[in-house]
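There's a structure below that I have some questions on.
The numbers here are math on the coordinates, done by the rules we state, and not lab data. Keep in mind that what you see is a predicted model, and the values were worked out from it rather than measured. Virtual Cβ from ideal backbone geometry, glycine too; neighbours counted across all protein chains shown.
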Amino acid sequence: MTKSDAKPDGPGPSKGPKKSASPERLAAFQTGLSAETRAAAYLLAKGYRILAKRFRTPYGEIDIVARRRNLLAFIEVKARASLDEAAYAVTPRQQARIIAAAQAWLMAHPEHAEYDLRFDAMLIAPRRLPRHLLAAFDASP
């Protein structure tokens, strides 16, 4: 993973007066970071290599890009109160955004163009093991 693949840790250059985030937004951000860390650890244990985390494109963000053998997985991480709620949170609109972002990632990383592609979801809930949904959705219209 290159430095340009990841989001910066702090706020970027200031473009005016700073607005402080609401406590709810900060809590959601921290929950998301924690869920992505848990998901990445789970993937590593399953033999995946993490190529990028929180990869931003003009179309949206890919939470995790991982590789295992000749497979490239674009993984959306969802943390909710239950695994079922997390599964329902991967909406068709988000799926389209992730597919477009994956195309942008592939254009930026042409060395992976020949890999098999898959779009997964990683569901995170308190006091539960992560649930990895293989091929949670596909890129066909």
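Per DSSP helix of 4 or more residues, -39500 (n - 2.57); summed, then divided by the residues of the chain. What does that give at 222 nm, rounded to the nearest 500?
-10500 deg cm²/dmol
Further, regarding this structure: Dipole of region 23-137, Cα-centred, from +1 at each Lys and Arg C-beta and -1 at each Asp and Glu C-beta, to the nearest 20 debye?
With only Lys, Arg, Asp and Glu charged at Cβ, the dipole is about 300 debye.
Among 49, 56, which comes first, then next, by fewest other beta-carbon atoms within 10 Å?
Taking fewest neighbouring Cβ atoms as first place, the list is 49, 56.
Still on this structure: Find the all-direction average of the projected area of the Cα convex hull for the chain, expressing the result in square nanometres with one decimal place.
For the chain, averaging the hull's shadow over all directions gives 9.5 nm².
Something else: For region 51-79 and region 89-141, what is the separation of their Cα centres, given in Å?
Their Cα centres are 6 Å away from one another.
Under a 5 Å amide H to amide H cut-off, with H placed in plane at 1.01 Å, what residues pair with residue 117 once short-range neighbours are removed?
Long-range HN contacts for residue 117: 72.
Give me the percent of DSSP beta bridges within the chain that run antiparallel, rounded to the nearest 5.
65
Quick one: which residues, 5 or more positions from residue 55 or on another chain, have an amide H under 5 Å from its amide H? H modelled 1.01 Å from N in the peptide plane, none for Pro or chain starts.
For residue 55, the qualifying residues are 62.
If I stretch the segment between residue 59 and residue 45 completely, what's the gain in nm (0.36 nm per residue apart, minus their alpha carbon distance), one decimal?
The residue 59-residue 45 span can extend by a further 2.1 nm.
Report the rotationally averaged projected area of region 39-117 based on its alpha-carbon convex hull, in square nanometres.
Its Cα hull, projected and averaged over all orientations, spans 5.4 nm².
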